[in-house]
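Q: Dropping a structure here in structure tokens format, bear with me for questions.
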């Protein structure tokens, strides 16, 4: 019993974040003893002390700077690159066995990407956020290869669900319609892969429990135009009359298609989403109604 | 005069290294006021104090961990990634205008690379050294883009010349033949681009003085089989009888071809080597004779 628990001790960073708050439950249901990080990871000595005391077998590293909009260009991305590498070095030095980090679709080259495949789509991040995440992946992968630590990097695509920042796409449409206000949108032709945040957490827990190596896209595998998402929300709320598609101009930097190949996630990790997009949106609308 | 000098103050890191020791002269001949870094860059507060005091206009950053053989896998690569980013953040914060960093051909994907082109050959480093250099390039490029700092990354290929570690290819052949010992080599079919270290320094000074952005290969543009280099050395020394090509097995990790596209360096930076390979080898042999 004790030996068994010893081999399933996972440190979860970013445990109170948008994705992280859903992870502990999925990890526990897979038999992990979950330790949510509570120290300041930007303080190297606190990180070192935590790892030396806990000596986790696995590390699911989600913590990062995530202030709405600002995270794309913030200097804090460089701090988190550095802090993450320090954390990982301490983890490997303390006998850690399995690492999973949270990457992003912003690591791919959006000027050529459309349907993003882990093996063939080039990485060439256009943002500070994407660059620092990709830089961490490169260095972390090299570190884990050197020390024989099992390594995977889950590239998250577009997420929605409870606790999302109200200015982002899904909450802004839901919020407007629930307040009986016009929901002003672009034409919504952009094709995207949207995944419920609780399913993203479930996928990361599955990835941690596997021994799959390298980059794995974390996405639903079902890509739709944004206008379909807006229309589904409007139908569920019963206010299709307030949906103003085309009221906002398209952002020139928005690629027409940004979707995820999910073959690795489905076939190698063996994970599929537990909800349809419609079910996830219904749950999210209920959450906002109650909020 | 004072204002003119003010705009040409360059901080040179790694100024006592294999490449760096040749840089100051080339920079000075181009009108730069050269400040060789003498603080410990792995100490963040020393770095910060240096930059705040000097307030350099330009930064030519060559300092890195470079112990023979060990540098490919050493953990110090992670320290230098972090220290380099800290240095660059202080430089941009203090009003720095132009940054040039030293990259490496080990950033390219050697499993697919042959003739390496900056724009089309994929990067996918197989070593800790290559991964940390490439990670630094990604983060540094993003940082400079954000703050409007002019940015170039000179990817060095194969260098030779004075002060090279005696176990490396050129010095080991030269040393054996000068001691009248057999020079045991592989068959030497590997095609490589070798550049004299003083020409590499000259190219980096030219790159710093330009406003070319992004990755630029630093190489001669003349690729030859290693056996031709060995034969030239043997002819110059007059001991072709001691050259044992094929006496050592090929290293399975050695790509058959690893050469550099030099179109950017020649046409955009406007730089070409000052010596032929034969002239560079003669100078290097003379240096070893006198050493």
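The values are calculated or read from the model by the stated rules, or taken from the named source; none is laboratory data. Because the structure is a prediction, the values reported are computed rather than measured. Glycine gets a Cβ as well: all are built from the backbone with ideal geometry, and neighbour counts include every protein chain shown.
Here's the yes/no breakdown for (1) at pLDDT below 95; (2) more than 30 Å from residue B:284 (Cα to Cα):
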residue	(1), (2)
B:104	no, no
B:108	no, no
B:112	yes, yes
B:123	no, yes
B:151	no, yes
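Q: While we're looking at this one, here's another question. Counting only residues that are within 14 Å of chain A (Cβ to nearest Cβ) and under 19 Å from residue B:149 (Cβ atoms), which one in the range B:36-81 is surrounded by the fewest Cβ atoms within 10 Å (Cβ to Cβ)?
A: Out of the qualifying residues, it is B:47.
Q: Every residue in the range A:111-129 that is part of a helix (DSSP H, G or I) and within 8 Å of chain B (Cβ to nearest Cβ), please.
A: A:128
Q: For the range B:137-194, what are the residues that are in contact with a strand residue (DSSP E or B) (Cβ under 9 Å, 6 or more places away or on another chain), assigned to a loop (DSSP other than H, G, I, E, B) and within 14 Å of another protein chain (Cβ to nearest Cβ)?
A: Passing the criteria: only B:149.
Q: Kindly list the number of the only condition in (1) in contact (Cβ under 8 Å) with a residue 40 or more places away in the chain; (2) over 28 Å from residue A:263 (Cα atoms); (3) within 13 Å of chain B (Cβ to nearest Cβ); (4) under 20 Å from the mean Cα position of the chain (by Cα) that fails for residue A:92.
A: (4)
Q: Moving to a separate point now. Tally up the residues in the range B:258-290 that are touching a residue at least 60 places away in the same chain (Cβ under 8 Å), within 23 Å of residue B:174 (Cβ to Cβ) and not in a helix (DSSP H, G or I), please.
A: The total comes to 5.
A quick yes/no check of all residues on (1) in contact with a strand residue (DSSP E or B) (Cβ under 6 Å, 6 or more places away or on another chain); (2) modelled with pLDDT under 95:
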{"residue": "B:232", "(1), (2)": "no, no"}
{"residue": "B:255", "(1), (2)": "no, yes"}
{"residue": "B:260", "(1), (2)": "yes, no"}
{"residue": "B:285", "(1), (2)": "no, no"}
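Q: Without any contact (Cβ under 8 Å) to a residue 24 or more places away in the chain and at positive phi: does that describe residue B:148?
A: yes
Q: Take the residues in the range A:195-239 that are under 11 Å from the mean Cα position of the chain (by Cα) and outside any helix (DSSP H, G or I), then tell me which one is surrounded by the most Cβ atoms within 10 Å (Cβ to Cβ).
A: A:218
Q: Moving on to the next point. How many residues does the range B:99-141 contain that are buried (at least 19 other Cβ atoms within 10 Å of the Cβ), in contact with a helix residue (DSSP H, G or I) (Cβ under 9 Å, 6 or more places away or on another chain) and farther than 23 Å from residue B:65 by Cα?
A: So the answer is 3.
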